[in-house]
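Only one structure is covered here, and it is reproduced in the block below.
Every read-out reported here was derived from the displayed coordinates using simple, explicitly stated rules and does not represent laboratory data. No experiment lies behind these values; they were computed from the predicted model shown. When we count neighbours, we look across all protein chains shown, and the Cβ atoms used for this are built from the backbone with ideal geometry, even at glycine.
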Amino acid sequence: MQIDFKSFLIGVLTTTLFFVLSGFEDSSNFGDIVVNSITIKDDGHGGFITAYNQDQKRTLYLGTGKNENGYVQTYNKYEQPTAYIGSNRDMDGVIVLNDRYGALGFSQSGKK
């Protein structure tokens, strides 16, 4: 069996290019992104945006909940929930504020 030198060279170069483009370090940071609109679709687990601090602790969740309702939830640097704006189980609007330990401090429903 004889190996075709050109095919071998193309294979080596393609493999090398793949490793160079994919890289061995985490290059998933795209820096600043400026857009006019973002549409997030549900993939069966809800569509959402999550923000993390420099310690990789969640500080924000904006998205869809279990009951297919939208909500925004903020967290402090210890990942304790501090604020919730969204819908309650009856699908009425609700605002909830918690203290630094995540304990309920204030809650108000929009239901009349």
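Give me the net charge of residue 80's neighbourhood, meaning all other residues with Cβ under 15 Å from the Cβ of residue 80; Lys, Arg count +1, Asp, Glu -1.
Taking every other residue near residue 80 into account, the sum is +1.
Ranking 87, 107, 7, 37 by Cβ neighbours within 10 Å, fewest first, what do you get?
Ascending Cβ contact count within 10 Å gives the list 37, 7, 107, 87.
Near residue 41, which lysines are there with a Cα under 21 Å away, not counting those fewer than 8 places off in the same chain?
Leaving aside lysines fewer than 8 places away in the same chain, those within reach of residue 41 are 66.
For the chain, which span is the longest to avoid every loop-located (per DSSP) member of chymotrypsin sites (Phe, Trp or Tyr not before Pro) having at most 11 other Cβ atoms inside 10 Å?
It runs 31-77.
Using P(r) over Cα pairs in 10 Å bins from 0, in percent as the read-out, say which of (i) 13, 35, 29, 15, 7, 0; (ii) 15, 53, 31, 2; (iii) 11, 25, 25, 14, 10, 8, 5, 2, 0 was calculated from these coordinates.
(iii)
Obtain the nm distance between the two label points defined at residue 30 and residue 79 by a simple spin-label model: each point lies 7 Å from its Cα along the Cα-to-C-beta direction.
Between residue 30 and residue 79, the label points sit 2.6 nm apart.
Write down Rg/Rh for the range 47-112, rounded to two decimals, with Rg from the C-alpha atoms and Rh from the Kirkwood relation over Cα pairs. Write out the running numbers ahead of the final one.
On the way: Rg = 12.3 Å, Rh = 12.3 Å.
Ratio of gyration radius to Kirkwood radius for the range 47-112: 1.00.
Restricting to DSSP H runs of at least four residues, report the calculated mean residue ellipticity at 222 nm for the chain, -39500 (n - 2.57) per run over all residues, nearest 500 deg cm²/dmol.
Roughly -5500 deg cm²/dmol at 222 nm, from the helical runs in the chain.
Under 17 Å between alpha carbons, and skipping anything fewer than 8 positions from residue 57 in its own chain: which aspartates and glutamates qualify?
Straight-distance partners of residue 57: 79.
To the nearest 10 degrees, how steeply does helix 5-22 sit against the main Cα axis of the chain, on a 0 to 90 scale?
With both axes taken from Cα atoms, the answer is about 20 degrees.
So, in nm, how far is label residue 53 from label residue 90 when the simple model puts each one 7 Å beyond its Cα toward the Cβ?
The two pseudo-label positions are separated by 3.6 nm.
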